[in-house]
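Right, one structure below, let's go through it.
The values are calculated or read from the model by the stated rules, or taken from the named source; none is laboratory data. It should be emphasised that the depicted structure is a prediction, and the values quoted were computed from it without experimental measurement. Here the Cβ positions follow ideal geometry from the backbone for every residue, glycine too, while neighbour counts run over all protein chains shown.
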Amino acid sequence: MSDLLIELFSEEIPARMQAAARESLKKLVTDGLVEAGLTYEGAGAFSTPRRLVLTVQGLTPESRPVREERKGPRTDAPQAALEGFLRSTGLTLDQLEKRADKKAEVFFAVIEKPGRKAAEIVAEVLERSIRNFPWAKSMRWGSGNLRWVRPLHSILCLLGDEGGAEVVPMSIDGIEAGNTTAGHRFMAPARFAVTSFDDYAAKLRRAFVMLDSAEREAHIWNDAQNQAFARGLEVVPDAGLLAEVAGLVEWPVVLMGAIGAEFLHLPPEVLQTSMREHQKFFSVRNPKSGRIEGFVTVANRETADQGATILKGNLKVLSARLSDARFFWENDLRVAKAGMTDWAEGLKAVTFHNKLGSQADRIARIAALAREIAPLVGADPDQAERAAKLAKLDLRSAMVGEFPELQGTMGRYYALEAGETDAIANAARDHYSPLGPSDAVPTEPVSVAVALADKIDTLTGFWAIEEKPTGSKDPFALRRAALGVIRLVLGNGVRCNIGQIIQSGLVSNEIARRFVEALERPNVLARPVSVEAFGAELQLDLTALGEKRQDLLAFFHDRLKVFLRDQGIRHDVIDACLAMPGNDDLTLLVKRAEALQAFLGSDDGTNLLQGFKRANNILTQAEQKDGVEYSFGADPKFAETDEERALFAALDAGDAAIKPAMAREDFAAAMAAMAQLRAPIDAFFTAVQINTDNAIVRRNRLNLLHRIRALVAQVADLTRVEG
């Protein structure tokens with residue numbers, strides 16, 4: 001068995017590309033080796049800013065010989081068929097065999113491929129992998145044709161065993177494979193030879209290169225925490241920044257500095273964002289005050305003055321950046337304290353969508369919708385409307401213009417400075433949430449009302465202008481918006497008819513769409529008019545809106561099915577509940593689905609499902625055959641057996657228990673009542689023949705089966721449940 005070591009040494013690879021690149025190298029090479037007939041025991045991939053590395057252990061020294069037989073055309077087949085077969089096999093006519101096959105004689109090709117040395121295969125696979133590497137962006141340099149993310153300087157390719165290691169002979173665009181690499185760009189730039197992966201890793205470390213990105217991350221984080229702890233501070237966790245910084249350095253040296261006192265009054269989010277985006281600094285927080293007081297930077301080398309010069313230079317740049325942030329903050333505060341009217345006026349000139357009007361128009365729609373939603377979530381309608389009108393004003397602030405990711409966060413600060421209540425200010429911060437599956441769901445009633453209004457307006461707006469997601473394309477993140485509505489509703493136990501809210505959103509967005517169209521056509525509006533006045537005079541096509549409403553509701557149901565499947569609820573259980581009345585109430589729908597899944601997971605549920613399906617199948621077949629509906633007239637006086645009479649009694653008791661349970665939405669009690677039907681139904685089918693010769697008894701029994709179907713249908717449509 002042999003071990004393979006590959007290193008592709010280049011100029012600095014962007015940090016964001018390194019993780020995918022090392023996995024791509026591993027997949028391309030190992031898949032290619034296996035396809036060529038080699039096997040291996042294990043493989044590992046590594047990356048630093050200047051190198052991609054792959055090690056493959058236990059590689060077979062050569063590929064297995066292959067013997068393949070292919071059946072060809074009959075010996076009397078047309079010449080064209082024979083020539084095509086010869087081309088596909090690469091053989092000549094005299095190399096084919098003739099064999100009897102059923103009633104004819106056919107040609108067979110026996111193709112034998114001898115085993116190949118591992119080095120030969122590795123060279124082919126590596127060259128193909130390099131030339132077809134899936135970089136998101138790549139470049140050419142010099143006069144060659146090779147494309148790589150940055151200029152490729154050298155290739156290390158060693159194949160070794162207990163007897164030693166040899167360079168795999170290969171060349172690509174004038175770069176010859178060898179057995180040497182280089183260490184740290186500044187601290188150990190000289191090239192050196194290696195003989196194996198262990199030798200390679202050890203010599204790299206002596207040359208100030210940490211090969212494993214996970215080790216670099218751990219080193220940075222532990223060193224940063226220790227330095228902060230020694231000063232009574234703590235580092236603000238940031239996994240994304242940690243991974244990025246680990247991809248920027250080969251020999252991480254952690255340095256900590258203090259933020260100037262003139263910047264400490266800035267909001268912590270401003271300091272964090274400025275340092276993260278501009279400088280790739282970690283924020284250091286005082287746990288007692290929550291204030292950001294310091295920063296951690298990671299250098300790529302050790303220095304004689306222990307990083308003092310590096311820190312001084314970084315602090316100078318940081319001070320300039322934070323001076324800009326302080327300027328934005330102080331200017332924005334003046335506007336906020338004046339009531340933010342300048343920002344509100346400015347949003348009239350900002351287009352939300354060229355078919356739906358300005359951001360100011362959209363805010364008016366959201367405010368009206370938030371007022372409608374407020375009572376459903378326990379919020380004060382006046383506060384919800386006010387919060388919606390203020391929530392997006394920070395989009396015109398200088399700070400959000402510089403750092404768009406702070407939208408909402410800065411809105412809260414500015415609302416508080418304007419004298420608004422905490423509930424209204426928090427709604428400005430929280431109404432964008434939840435942005436993703438890991439994002440927290442707002443719980444304050446005003447925030448929930450505005451967040452729902454914001455997302456529903458987005459969805460109904462793009463439905464109004466027929467800009468729906470198609471396939472994998474979703475440029476306006478409408479699937480995320482729908483999932484956000486679902487999480488807001490379920491996370492807060494909101495009881496509402498989502499269809500009615502959708503209708504309100506569609507009406508206001510349809511008015512906006514028609515108003516924008518009218519403005520674009522000369523002489524359509526005889527006088528200046530507001531959207532509200534235009535809408536009051538507009539005759540809407542309610543049928544078309546109703547179709548859009550049903551289409552958007554179906555979109556919500558599809559998103560809900562995906563969400564619930566992730567929660568472990570079966571798709572057929574969801575379908576069984578979606579088919580019931582009240583599927584506009586998402587909270588009620590999920591409550592029903594959870595109870596049904598629990599019931600079907602029990603023995604009683606499984607057996608009752610079988611009994612129900614048997615009853616439904618017999619009844620459906622009889623109705624189709626007879627051309628009538630057996631839905632009335634089941635009478636105990638026509639019962640001939642004790643089991644039949646017992647089923648009548650059980651259905652009466654079940655009906656008496658299930659109806660009130662469903663009325664009070666006690667699905668667990670309804671399922672428990674259904675469970676009581678299991679034994680009587682089983683006994684009935686064991687003792688009774690449905691399609692008896694007595695027409696009266698047969699009809700009575702079929703009507704009795706209808707009672708089973710109708711009773712169960714009060715809880716869920718079990719015809720949609722598999723099994």
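Among the listed residues A239, A243, A224, A258, identify the single one that is of a type outside the set (V, I, T) and either crowded, with 21+ Cβ neighbours inside 10 Å or assigned by TED's automatic domain parsing to the domain that holds T48 (or both).
Only one candidate qualifies: A224.
So which residues in the range 261-272 are buried (at least 20 other Cβ atoms within 10 Å of the Cβ) and in a helix (DSSP H, G or I)? Even if it seems obvious, please write down each step before you answer.
Step one: of the range 261-272, the residues buried (at least 20 other Cβ atoms within 10 Å of the Cβ) are 263, 266, 270-272.
Hits for the range 261-272 are F263, V270, L271, Q272.
Could you tell me which of the residues E385, E402 is surrounded by fewer than 19 Cβ atoms within 10 Å (Cβ to Cβ) and touching a helix residue (DSSP H, G or I) at 6+ places or on another chain (Cβ under 9 Å)?
Sole residue among the options that is surrounded by fewer than 19 Cβ atoms within 10 Å (Cβ to Cβ) and touching a helix residue (DSSP H, G or I) at 6+ places or on another chain (Cβ under 9 Å): E402.
Only residues that are closer than 15 Å to G357 by Cα and modelled with pLDDT of 75 or more: list them for the range 522-533, please. It would help to see each step written out before you state the result.
Of all residues in the range 522-533, those closer than 15 Å to G357 by Cα come to 529-532.
The answer is S530, V531, E532.
What number goes with the only condition from (1) more than 21 Å from A15 (Cα to Cα); (2) surrounded by 14 or more Cβ atoms within 10 Å (Cβ to Cβ) that K316 does not pass?
(2)
Name the single residue, out of those in the range 121-145 being part of a helix (DSSP H, G or I) and more than 35 Å from the chain's Cα centre (by Cα), that is surrounded by the most Cβ atoms within 10 Å (Cβ to Cβ).
V122
Consider only pairs whose beta carbons are under 7 Å apart and that are at least six residues apart or on different chains; among these, list those whose first residue lies in the range 304-331 and is touching a residue at least 24 places away in the same chain (Cβ under 8 Å) and whose second residue is of a type in the set (S, T, N, Q) and crowded, with 18+ Cβ neighbours inside 10 Å.
Correct list of pairs: N314/T297; R321/S274; L322/S274; A325/S274.
Could you pull out the residue among D604, D652, D575 that is modelled with pLDDT under 90, part of a helix (DSSP H, G or I) and of a type outside the set (K, R)?
That would be D604, the only listed residue that is modelled with pLDDT under 90, part of a helix (DSSP H, G or I) and of a type outside the set (K, R).
Residues are listed down the side, and each one gets a yes or a no for (1) exposed (fewer than 14 other Cβ atoms within 10 Å of the Cβ); (2) in contact with a strand residue (DSSP E or B) (Cβ under 8 Å, 6 or more places away or on another chain); (3) closer than 25 Å to E665 by Cβ; (4) aliphatic (A, V, I, L, M):
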{"residue": "T458", "(1), (2), (3), (4)": "no, no, no, no"}
{"residue": "W463", "(1), (2), (3), (4)": "no, no, no, no"}
{"residue": "K473", "(1), (2), (3), (4)": "yes, no, no, no"}
{"residue": "A482", "(1), (2), (3), (4)": "no, no, yes, yes"}
{"residue": "L488", "(1), (2), (3), (4)": "no, no, yes, yes"}
{"residue": "N492", "(1), (2), (3), (4)": "no, no, yes, no"}
{"residue": "L506", "(1), (2), (3), (4)": "no, no, no, yes"}
{"residue": "E510", "(1), (2), (3), (4)": "no, no, no, no"}
{"residue": "E520", "(1), (2), (3), (4)": "yes, no, no, no"}
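So, in the range 146-173, how many residues would count as being at pLDDT 90 or above, of a type outside the set (A, V, I, L, M) and in a loop (DSSP other than H, G, I, E, B)?
Selection size over the range 146-173: 5.
Confirm whether F632 is in contact with a helix residue (DSSP H, G or I) (Cβ under 8 Å, 6 or more places away or on another chain), in a loop (DSSP other than H, G, I, E, B), touching a residue at least 24 places away in the same chain (Cβ under 8 Å) and among the aromatic types (F, W, Y).
yes
Tell me whether the range 336-349 contains one or more residues that are touching a helix residue (DSSP H, G or I) at 6+ places or on another chain (Cβ under 7 Å) and outside any helix (DSSP H, G or I).
Applying the first criterion (touching a helix residue (DSSP H, G or I) at 6+ places or on another chain (Cβ under 7 Å)) to the range 336-349 yields 336-337, 340, 342-344, 346-348.
Within this subset, residues satisfying the condition of being outside any helix (DSSP H, G or I) are 340.
Scanning the range 336-349, I find at least one residue that is touching a helix residue (DSSP H, G or I) at 6+ places or on another chain (Cβ under 7 Å) and outside any helix (DSSP H, G or I), so the answer is yes.
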